[in-house]
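Notes to accompany the following structure.
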Amino acid sequence: MKILGIESSCDETAVAIIDSGKILSSLIATQHDVHERFGGVVPELASRRHMENIVPLVSGALQEASMDLDDIEGIAVTNAPGLVGSLLVGISMAKGIAYSKNLPLIGVNHLEGHLNAAMLEFGNVPTPYVGLVVSGGHTSLYFVEGFGKYRLLGATRDDAAGEAFDKVAKLLELGYPGGPAIDKVSVNGNAKAFSFTKPQFSNRTLKGVTPREFDFSFSGIKTAVLHLYKKQNDLSKKFISDLAASFQESVAKILVDQLIAAAKTSGAEAVVISGGVAANRRLRSLLKERADTEKLKSFIPSMEFCTDNAAMIAYIGERRLELGDKSDFTLNAVGNQEIGI
Ligand code: KG4
Ligand code: ZN
């Protein structure tokens, strides 16, 4: 089925067309130039830029796939979670096309898109698998029994891993977005220069949130980086790259340790990562190494499928439509929405 997917949950506007899981076109307009000087995404500016980009991207995606709207059989759009103003731009566009062309509309959860992004590249991933979605807003670990059958095994109790990367990069004045900047500068750093204590958890229910076995925490490491930085008189290039590399090593280790432990405990056949932070080179190499040692199959998508894209949204839309599942025109933006709980 020819599905047009739209993604506008944060600071990338993306449109893709897929047919039977095959990508016919996939366009992304980043907004890094807009948010760079603020060191983070400014929601109002993000929505405005989505509005400017969305129509040219839909036209461009159709052109690249040598199609027009009459060829499209369904419209999939991210409706949660994300910045509400940004999500609304994509949803309004999707509703407009669906209504005028009398096409089915499918609202898609962004996290479900990331969790299945590996399918676009590898065709199939043996189930059950454990998937880690690690992005700017989320760090969530899921047990996946099949399409739509997810169980949340753990999530972050404070900062998302990507958020920690962005905040540490801002502190070290490495620029925005922080993850790629830390990844780059770490190449020249000594990852063993500093060590950070592994987060310790209490199993008490905090602020109504029930703890899970494979939860994460990154705010302690972020604070430890801040203390080291403040204590240092000579902020040399070497100090900065050593600190960045040590931080990255520690985050990568926490993520991989939890992912492997969850896979072994749950009897999963494979491990999968996705989300922006999954583009991190150290995380990717460490996961491959550890999964091989533990005899677990690992599915590590190419960078383009790790970061935000609309192909993963169109993929979910196509699978949902095949199952006879669609949304109605009351579809709305939801800022916070987990899956598998
Ligand atoms: O999935 P994504 O593109 O958008 C969200 O849904 O949040 O993830 C963006 C996050 C940002 O925090 C960014 O700094 C991080 O992914 N990121 C990275 C790398 N590339 C992007 N973090 C670490 N290393 C990278 N190479
Ligand atoms: Zn994302």
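The values are calculated or read from the model by the stated rules, or taken from the named source; none is laboratory data. Note that this is a predicted model, so its numbers are computed, not measured. So basically every Cβ, Gly included, is an ideal-geometry build from the backbone, and we count neighbours across all protein chains shown. When the accessible area is computed, the model is the full protein with side chains, heavy atoms only, and any ligands, DNA or RNA have been set aside. Shrake-Rupley method; radii C 1.70, N 1.55, O 1.52, S 1.80 Å.
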Please verify whether Val34 is without any contact (Cβ under 8 Å) to a residue 60 or more places away in the chain, open to solvent by 60 Å² or more (accessible area, probe 1.4 Å) and part of a helix (DSSP H, G or I), treating the condition exactly as stated. no
Pick from the stretch 119-169 the residues that are among the aromatic types (Phe, Trp, Tyr) and more than 16 Å from Gly340 (Cβ to Cβ): which of them is surrounded by the most Cβ atoms within 10 Å (Cβ to Cβ)? Phe165
Just one of Ala261, Ala252, Ala181, Ala245 is at pLDDT 95 or above, touching a Ser or Thr at 6+ places or on another chain (Cβ under 6 Å) and in the same structural domain as Thr293 (by TED's automatic domain parsing); which is it? Ala245
Residue pairs qualifying under the 9 Å Cβ cut-off, at least six apart or on distinct chains, with the first in the stretch 1-27 being under 20 Å from Ala333 (Cα atoms) and the second being of a type in the set (Lys, Arg), are Asp11/Arg49; Thr13/Arg49
Mind listing whichever residues of the stretch 249-272 are in contact with a strand residue (DSSP E or B) (Cβ under 7 Å, 6 or more places away or on another chain) and of a type in the set (D, E, K, R)? Glu269
Filter result for the condition that a residue is exposed (fewer than 14 other Cβ atoms within 10 Å of the Cβ) and either closer than 20 Å to Val134 by Cα or more than 14 Å from ligand 1 (Cβ to nearest atom) (or both), over Ile313, Ile341: Ile341
Out of (1) of a type outside the set (Ser, Thr, Tyr); (2) closer than 30 Å to Asn188 by Cβ; (3) within 16 Å of ligand 2 (Cβ to nearest atom), the one Arg290 does not meet is (3)
I'd like the full set of residues that are at pLDDT 95 or above, part of a helix (DSSP H, G or I) and within 16 Å of ligand 1 (Cβ to nearest atom), limited to the stretch 280-304. Arg281, Arg282, Leu283, Arg284, Ser285, Leu286, Leu287, Lys288
Would a scan of the stretch 123-130 turn up a residue that is in contact with a Leu (Cβ under 7 Å, 6 or more places away or on another chain) and more than 14 Å from ligand 2 (Cβ to nearest atom)? yes
Output for the stretch 9-31, where each listed residue is within 16 Å of ligand 2 (Cβ to nearest atom) and assigned to a loop (DSSP other than H, G, I, E, B): Ser9, Cys10, Asp11, Gln31
